[in-house]
Amino acid sequence: MNTFRNPILPGFYPDPSICRVGEDYYMVTSTFEYFPGVPIFQSKDLVNWKQIGHVLDRPSQLNLDGTPTSRGIYAPTIRYHQGVFYMITTFVESAAGARRNFFVTATDPAGSWSDPYWLNEAPGIDPSLFFDDNGKAYYTGNRVPPAGQQYPKHMEIWLQELDLETKQLTGQKISLWDGALKQIHAQESPHLYKINGYYYLIIAEGGTGFTHSVTIARSENIAGPYENCKMNPILTHRHLGKEYGIVNVGHADIVETQNGEWWMVCLASRPYGGYYRNMGRETFLVPLQWEDGWPVVNPGKGIIEWEIARPNLPEMPWPTLPACDHFDSLVLEERWNFIRTPRGEFWSLTERPGHLRLRLKPEPMTKEVIRALSDAGSSIFPLPSGQRWNFHRKDRLKRQGLLRCKITISTTDSNAA
């Protein structure tokens with residue numbers, strides 16, 4: 001086929017970040033309060049992706065005990081430098097917004113990855129790493145401007161050098177940019193690139209909802225000043241209305257192929273029945289060309305399309321996962337996740353071969369813990385089509401728990417429009 005269909009990662013795969021190593025592409029996405037954290041995918045053609053593991057797959061890396069819904073791991077970035085993979089992200093630990101930034105490393109992207117290197121002097125969220133051609137490494141993130149916020153949710157992007165030996169920030173924090181539009185809010189998810197002598201800074205603006213967007217600035221000096229692109233935002237769907245088939249477009253990362261093409265991955269949602277978006281935020285792919293020193297996203301169209309001409313790369317499909325998991329293995333497939341870090345032996349694949357056995361846990365519904373069936377159904381997802389559940393209810397208390405359960409579902413229907 002000469003075209004592909006968006007999204008390339010359907011379902012709960014928000015905040016994509018991508019890098020290329022030789023002829024291989026690697027991508028990570030956010031996982032919030034789910035464990036294991038940060039799935040990592042591999043591709044040869046940017047269209048077909050295979051999950052090769054999770055970056056954060058040990059409790060020593062990720063302790064989600066007590067983490068509220070929609071907190072946890074935010075906006076990972078993946079980069080490769082001199083034989084080492086780096087994944088940097090934010091851990092939002094509480095409903096009050098307490099957060100810490102950290103990175104982990106690996107020589108094999110399939111794992112295992114190191115324990116976290118915490119960056120205690122790094123405020124804000126959505127960090128990224130940039131490795132300059134002079135050998136220096138830099139951290140970028142967002143923060144409240146030192147002079148204070150001029151309007152609600154006003155943020156700025158800042159930069160600081162990262163010492164790869166000590167794994168800590170060094171030198172001064174430098175303010176870079178607070179976005180393209182006046183009174184815009186939630187400037188976040190920065191990524192730096194050096195292309196043809198310019199440093200390009202891509203960020204998200206407008207929040208993660210309907211007004212989400214991608215903007216860009218550039219400078220001949222990494223510390224600025226940064227020149228705003230007059231075409232900003234370079235990608236958004238907010239002008240198309242909430243009934244358009246793809247909404248909430250933003251949070252982008254770009255990559256150059258070995259053939260010299262440029263592509264952008266970003267998040268977006270597919271609404272239905274109005275502005276309902278039960279599929280969450282998914283990963284989309286869109287082409288990018290450079291004109292007069294600035295990127296033009298999907299030239300001639302300027303938006304994400306359902307069907308787009310494929311990258312100029314050999315097509316490399318992976319074996320398709322079956323729609324139904326028969327639990328005939330001794331380990332759970334990569335697509336299953338727990339809500340928060342699992343504690344105790346409340347599930348089994350061996351007690352009843354061909355079944356996943358889950359036991360209710362005694363925690364109350366109001367407690368932010370890992371649960372069996374007392375809060376979010378099995379506390380794991382996705383629920384493949386055709387899955388059957390057998391319940392053994394021994395007393396009234398457990399029957400009440402089952403009545404209050406819900407199932408978290410993630411579909412893999414990439415043809416739905």
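The values are calculated or read from the model by the stated rules, or taken from the named source; none is laboratory data. As the structure is a computational prediction, the values presented were derived from the model and not from experiment. Here the Cβ positions follow ideal geometry from the backbone for every residue, glycine too, while neighbour counts run over all protein chains shown.
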### Message
Can you find a residue that is more than 25 Å from the chain's Cα centre (by Cα), crowded, with 17+ Cβ neighbours inside 10 Å, not in a loop (DSSP other than H, G, I, E, B) and not aliphatic (A, V, I, L, M) anywhere in segment 328-348?
### Response
yes
#### Entry: Residue check for MET27: farther than 22 Å from PRO311 by Cα, crowded, with 22+ Cβ neighbours inside 10 Å, modelled with pLDDT of 95 or more and not hydroxyl-bearing (Ser, Thr, Tyr)
no
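Quick check on my filter: what residues within segment 4-29 are assigned to a strand (DSSP E or B) and touching a residue at least 24 places away in the same chain (Cβ under 8 Å)?
Initial filter on segment 4-29 (assigned to a strand (DSSP E or B)): 4-5, 9, 17-21, 24-28.
Answer for segment 4-29, where residues must be assigned to a strand (DSSP E or B) and touching a residue at least 24 places away in the same chain (Cβ under 8 Å): PHE4, ARG5, LEU9, SER17, ILE18, CYS19, ARG20, VAL21, TYR25, TYR26, MET27, VAL28.
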### segment 30-56: number of residues that are of a type in the set (Lys, Arg) and either buried (at least 21 other Cβ atoms within 10 Å of the Cβ) or without any contact (Cβ under 8 Å) to a residue 40 or more places away in the chain (or both)
0
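Going residue by residue through segment 139-151, is there one that turns out to be out of contact with any Cys (no Cβ under 6 Å at 6 or more places or on another chain), among the polar types (S, T, N, Q), over 20 Å from GLY83 (Cβ atoms) and part of a loop (DSSP other than H, G, I, E, B)?
The answer is yes, given that some residue of segment 139-151 is out of contact with any Cys (no Cβ under 6 Å at 6 or more places or on another chain), among the polar types (S, T, N, Q), over 20 Å from GLY83 (Cβ atoms) and part of a loop (DSSP other than H, G, I, E, B).
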### Query
Could you say which residue among GLY250, GLY209 is part of a loop (DSSP other than H, G, I, E, B) and in the same structural domain as PHE12 (by TED's automatic domain parsing)?
GLY209
### Message
Checking the condition touching a His at 6+ places or on another chain (Cβ under 8 Å) and of a type in the set (Asp, Glu), which residue from ASP57, ASP65, ASP24, ASP15 passes?
### Response
ASP15
#### Entry: Qualifying residue in segment 184-192 (condition: part of a strand (DSSP E or B), in contact with a Leu (Cβ under 8 Å, 6 or more places away or on another chain), without any contact (Cβ under 8 Å) to a residue 40 or more places away in the chain and in the same structural domain as TYR139 (by TED's automatic domain parsing))
no
### Task
Determine if segment 252-273 includes at least one residue that is without any contact (Cβ under 8 Å) to a residue 60 or more places away in the chain and of a type in the set (Lys, Arg).
no
### Summary
Being assigned to a loop (DSSP other than H, G, I, E, B), touching a residue at least 60 places away in the same chain (Cβ under 8 Å) and surrounded by 18 or more Cβ atoms within 10 Å (Cβ to Cβ) narrows LEU285, LEU313 down to just LEU313
### Message
I want to confirm something. Restricting to segment 288-306 and keeping residues that are over 22 Å from the mean Cα position of the chain (by Cα) and outside any loop (DSSP other than H, G, I, E, B), which single residue is surrounded by the most Cβ atoms within 10 Å (Cβ to Cβ)?
### Response
PRO295
